[in-house]
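The values are calculated or read from the model by the stated rules, or taken from the named source; none is laboratory data. Keep in mind that what you see is a predicted model, and the values were worked out from it rather than measured. Ideal geometry is used to build each Cβ from the backbone, glycine not excepted, and the neighbour counts take in all protein chains shown.
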Amino acid sequence: MVWIGRLWKKVAQEASVFVANYNCPGQIVVSGPAANIPKVIELAKAAGAKRVVPLEVAGAFHSPLMNPAVEKLAPIVRELKIRTPRVPVLSNVTAKPHGDPDQIRSLILEQIVSPVKWEDCVRYLLENGFTRFIELGPGTVLTGFMKRIASATQLEVMNVGDVPSLRSTIATFQACAQ
């Protein structure tokens, strides 16, 4: 992963392509103008990347190229009525918990232009005693990332993608609560 730091300084300057997601060991996602992605793929392979997969997305999300969206959304986000949460909100920008509504508003905007620190978020949770996780929605992509971050003995991930799996997960939690 050392090559990533050196490579991205060069790429960001030359091609306006930025790291958008730190998903798990061995997997990062980059974001930038579609026309510049082939050059990034070439540089990544030359630097030793084992696999490079272009993703079909509608924009350069989680990068400074989204600043125009932040400018448009900022007045709306500033007016959001956010109460102090009962439990801290873990930010994917900082990989730390936050509870102040003003800070949460700021982080909502910052996450649009900042990389997602999924791996750091999961590590934070594990370091703070969390071992049981639920992935909501179709698929098991996040479960796969989590298993690459931590060993199966450190965590349990349940997947909820339909009504039967929701019922099963609820039953599991009810059994644990007794």
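Here are the numbers for this structure:
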{"item": "Failed item in (1) under 24 Å from ARG83 (Cα atoms); (2) in contact with a Leu (Cβ under 8 Å, 6 or more places away or on another chain), with ALA95 passing the rest", "result": "(2)"}
{"item": "Hey, GLU56 in a loop (DSSP other than H, G, I, E, B) and either out of contact with any Gly (no Cβ under 9 Å at 6 or more places or on another chain) or modelled with pLDDT under 95 (or both) or not", "result": "yes"}
{"item": "Residue ID - modelled with the lowest pLDDT, chosen from residues in the stretch 79-95 that are in contact with a strand residue (DSSP E or B) (Cβ under 7 Å, 6 or more places away or on another chain) and of a type outside the set (Val, Ile, Thr)", "result": "PRO88"}
{"item": "Hits in the stretch 133-153 - residues which are free of Cβ contacts under 8 Å to residues at least 40 places away in the same chain and in contact with a strand residue (DSSP E or B) (Cβ under 7 Å, 6 or more places away or on another chain)", "result": "PHE133, ILE134, GLU135, LEU136, THR140, LEU142, THR143"}
{"item": "Tally, over the stretch 19-48, of residues that are closer than 27 Å to THR140 by Cβ and either in a strand (DSSP E or B) or in contact with a Leu (Cβ under 9 Å, 6 or more places away or on another chain) (or both)", "result": "12"}
{"item": "The lone exception for PRO75 - which of (1) at pLDDT below 95; (2) part of a helix (DSSP H, G or I); (3) loosely packed, with under 10 Cβ neighbours inside 10 Å it fails", "result": "(1)"}
{"item": "Pick from the stretch 1-18, criterion in a helix (DSSP H, G or I) and of a type in the set (Val, Ile, Thr), ranking: modelled with the lowest pLDDT", "result": "VAL2"}
